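What follows is a single structure, written as C-alpha cells, with notes after it.
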Amino acid sequence: MEAPPRPVPSLFMIPLTLFFIGVLLFVALLHGHRDLTILTLLVLGLAIGARLWAGISLSGIRCHSIIDKQRAFPGERLTLKMEAENGKFLPVWFRVKVPIGKGLLLPSDETPLTKEGNLLWYQRARFEWGLTAQRRGVHQIGPSHIETGDLFAFFSREKKSEAFHPVIVYPRLIPLKSFPLPRRDFFGVPGAQSPVQDPIYILGTRDYQQGQPAKTIHWKASARYNRLQGKVFEPSEQEKVLLVVEVDQFAKSNAEQDFEHTLEAVASLAVRLAEQGYAVGLTTNGVIIGEGQGMIPVARNQHQIPAIMEALARLQMESRGGILETMEHGLDLPWGLSCVVFSFEEDKTTFVMEQYFGHRRIPVTFVVCRPRPPSGDIQSKVRYKILGLKDIASPFLFG
C-alpha cells in the first residue's frame with residue numbers, strides 16, 4: 001500500500017486560528033451576516049469532525065509483524081513482513097514506523113522503516129522490507145510506532161506496539177590455516193574405530209560383524225531390519241578443546257576491530273573442530289547481553305555449536321572480572337582437555353594463565369592479535385606456545 005506523503009494540516013486547523021474563527025462566528029451572528037455565519041460554521045464543523053474522527057481512529061487498528069529468520073551471519077538477507085488491519089467501518093489515515101538496530105542494513109537510507117497511506121473500512125494492508133545483517137551482535141527490530149488520524153490527516157493519534165524482534169547476528173566464518181593443537185588423550189578416534197569404546201553412549205547401528213561380542217547386538221534394530229545389527233559406540237575418550245576469550249586487554253586498549261576479528265577466528269575454529277569430531281567448549285570473562293552463558297561446558301552434540309555461536313554473538317567488549325576467577329567459579333575442566341586462549345596481546349596475564357593450565361597438566365596455545373618479539377623473561381617462557389592471529393587466518397580477510 002503506497003500512498004502520497006502526508007498532507008500538511010490546513011491553516012484552519014490550528015487552535016489559534018479556530019479561536020479567531022469562533023470570534024468571527026460570534027460577530028457574524030451578532031450582526032446577522034448569513035454567508036459569513038455559514039462559512040465559519042462549516043470550518044468549525046470540519047475541525048470538530050476531524051478531531052472526533054482522529055479520536056476514534058486507533059480503535060480497531062491491529063498491526064502484526066513477522067521476520068523470516070532471527071539468526072543470521074553477516075551478509076545474509078532478512079525479510080520483515082507487516083500486516084495492518086482496520087477493523088471498523090470508519091476509514092483512517094495510517095502511518096507505521098519501525099526502528100531497526102544499527103547492525104541491520106537497508107537498500108536505502110530509510111531509518112526507521114516507514115509506510116504511510118489510507119486504510120478503508122475493514123481493509124488489510126501488507127508491507128515488506130528487505131534487510132541485510134551487517135555486523136555481529138544482537139540487534140532489535142521494533143517496537144513499532146503506529147499513528148492514525150482522520151482521512152485528511154488534520155489530526156492524529158499514536159500508540160507504541162509492545163512487540164519487537166531480536167535478531168542475532170553470528171560472527172563471520174573465515175578460512176583458517178592449519179596449525180597444531182596440543183593433544184593429551186590417546187583415544188581421539190571417533191566411533192567404532194576407537195581402540196576403547198564406551199558402552200554408555202551409542203552413536204548408531206550397523207550390520208553386525210562376525211567376531212563382535214553378542215552383547216553389542218542391537219535387538220530392536222535387528223528386528224526392524226530383519227538382520228542382525230551391531231551398536232556403534234562413542235569413544236571412551238575423545239579429543240576435547242576449550243576455547244577461552246580474554247576480554248580485559250581488548251577493553252583496556254579499546255581495540256574493537258581486533259576484538260571482532262578475534263571472535264571471527266574463535267567461531268571459525270569452533271566450527272572446524274566440531275566438524276572434525278572434537279568436543280568443544282567456550283569460556284569468557286566478557287559481558288553477555290540478554291540471555292546466554294559466558295561458560296559453555298566442553299561437549300559434542302548438535303546443540304553445542306549453536307550455543308557457542310550465540311554466546312559469541314552476544315559477547316560484549318566489556319569485562320565482568322578476571323579470566324582466572326571466572327574459570328575457577330563455575331567451570332569444570334575434564335580430563336584430557338586441551339585449551340586455546342585468545343587475547344589481545346602478551347602480558348603478565350599470559351604467563352599467569354600458562355601457570356594455571358600447566359599446574360593442571362592442560363596443554364595450552366595462546367593466540368594474540370599483537371604478538372611481541374622475544375624480550376624479557378615472561379615472553380621467553382611462553383614464546384613457543386604463542387601464535388599471532390594472522391598466523392592462523394589470512395591477513396586480507398581482516399580488511
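Please treat every number below as a calculation from the coordinates, not as lab data. Computed from a prediction, not measured in an experiment: that's the story for all the values here. Note: ideal-geometry Cβ built from the backbone for every residue, glycine included; neighbour counts use all protein chains shown.
Of note:
- Cβ-Cβ FRET estimate between Lys177 and Gln140, R0 fixed at 41 Å, reported to 0.05: 0.65
- For Val352 and Gln316, the difference between the fully extended length at 0.36 nm per residue and the C-alpha to C-alpha distance is 10.6 nm.
- Cβ-defined net charge surrounding Ala274, 13 Å radius [Lys, Arg +1; Asp, Glu -1]: +1
- Anchor Lys252: lysines whose Cα lies under 16 Å away (excluding residues fewer than 8 positions away in-chain): Lys348
- Computed from the C-beta positions of Glu128 and His33, the FRET efficiency with R₀ = 41 Å rounds to 0.15.
- When Phe179, Phe152 are arranged by Cβ crowding within 10 Å, least crowded first, meaning fewest neighbours, the order is Phe179, Phe152.
- Between the amide H of Val167 and those of His139, Gln140, Ile141, distances stay under 5 Å, these residues lying 5 or more places away or on another chain, with hydrogens modeled in the peptide plane.
- Using the Cβ of Val247 as centre and a radius below 10 Å, the other residues enclosed give a net charge of -1, where K and R count +1 and D and E count -1.
- Karplus-derived HN-Hα couplings along region 29-37 (A = 6.51, B = -1.76, C = 1.60, θ = phi - 60°), whole Hz, x at Gly and Pro: 5, 5, 9, x, 7, 5, 5, 5, 5
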